[in-house]
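**Q** This is the structure I want to talk about, given as structure tokens.
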Amino acid sequence: MIKLLSFITLGLCRELEAVEKAFEEAMRDIESVTIGEDNIQSTGIVRDAFLAQNRFREQPQTFTRTIKRLYKRIKNKQLRREDGKKILTKEGKKAWNEAYLALQKQPKVSGLLWSPELAKAAKRRCNGREIDLGAWKGQIGESIAYGKSQGAYYMVRLYIDDGIEDRVHRTNMINPEFRQTGIAHCSHNDFEEMIVVLYANE
């Protein structure tokens, strides 16, 4: 029986200029992640998101410094950008602190393999079309984030999961039952851009 876990987050709808400096050091060697890389046909945002997602699974502690730096920029639920402008979060420091603690104790799991079929399905979803998930057996997962962002930071946002009580995007990302993933990035009329991530265990 197919179980579709479909959850959507609006996240931060504008790119945070402070983010580049906040996780630049953590992402400096992101290209060293090679699990499934030989099969990925995409470049740019999609590729970076794929590699970062596997880093969250294989080496989760890599991102603790990133989360901590972002945490320090939050006051009264507002995240201060490099230019001094502030972005309103839903939970404030609570979500970032919870993510930081989760990363410290998160066990390592195997990286996901790139699935061209899931990527095609994600692209259809990204373009607002219906998709047929009947080709995959077992559990299927879906995560969507809106707004203009870098590939790696889409995954940082989905891991933090600000405003999502049960952190289902994070659960999808690090679920050891999932073995394959496909990702698509496209434009969005209201939020500039969006990313769709699909998961399957078979």
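The values are calculated or read from the model by the stated rules, or taken from the named source; none is laboratory data. These figures come from a predicted structure and were not determined experimentally. Reconstructed Cβ throughout: ideal geometry from the backbone, glycine too, with neighbour counts over all protein chains shown. Each accessible area value is taken on the protein alone, full model and side chains, heavy atoms only, with ligands, DNA and RNA left out. Shrake-Rupley method; radii C 1.70, N 1.55, O 1.52, S 1.80 Å.
**Q** Could you check the spin-label model distance between Leu101 and Lys148? Points 7 Å from the Cα along Cα→Cβ, value in nm.
**A** 3.6 nm
**Q** Here's something else I'd like to know. Rounded to two decimals, what is the ratio between the C-alpha radius of gyration of the range 141-202 and 2.2 N^0.38 Å?
**A** 1.11
**Q** I'd like to know which of Leu118, Gly138, Leu101 lies farthest towards the positive end of the charge dipole of the range 83-202, counting +1 on Cβ of Lys and Arg and -1 on Cβ of Asp and Glu.
**A** Result: Leu101, furthest along the dipole toward the positive end.
**Q** Turning to a different aspect of this structure: Which pairs, out of Lys85/Lys108; Lys68/Lys148; Lys86/Lys108; Lys85/Lys105; Lys93/Lys148, put more than 26 Å between their alpha-carbon atoms?
**A** Over 26 Å Cα-Cα: Lys85/Lys108; Lys86/Lys108; Lys85/Lys105.
**Q** Based on the Cβ-Cβ distance of Glu58 and Asn189, what FRET efficiency does E = 1/(1 + (r/R0)^6) give at R0 = 35 Å, to the nearest 0.05?
**A** Step by step, r from the Cβ atoms, then E = 0.45.
**Q** Excluding Gln180 itself, calculate the net charge of residues whose Cβ lies under 10 Å from the Cβ of Gln180, where each Lys or Arg counts +1 and each Asp or Glu counts -1.
**A** Overall, the nearby charge balance is -1.
**Q** Now for a different question. Working from the alpha-carbon coordinates of the range 65-134, get Rg over Rh, Rh being the Kirkwood radius.
**A** Value, to two decimals: 1.17.
**Q** Name all residues of the range 160-192 having a backbone nitrogen under 12 Å from the label point set 7 Å from the Cα of Glu202 along its Cα→Cβ direction, giving them as ranges.
**A** none
**Q** Multiply the residue gap between Gln78 and Leu133 by 0.36 nm, knock off their C-alpha separation, and tell me the result in nm, one decimal place.
**A** 15.9 nm
**Q** Distance from the Cα centre of the range 91-109 to that of the range 135-178, in angstrom?
**A** If you average the Cα positions of each part, the centres end up 14 Å apart.
**Q** At 1.4 Å probe size, with the rest of the protein present, what percent of the exposed accessible area of the range 150-202 is carbon and sulfur atoms?
**A** 42 percent
**Q** Top to bottom by accessible area (1.4 Å), largest first, where do Asp190, Asp162 land?
**A** Asp190, Asp162
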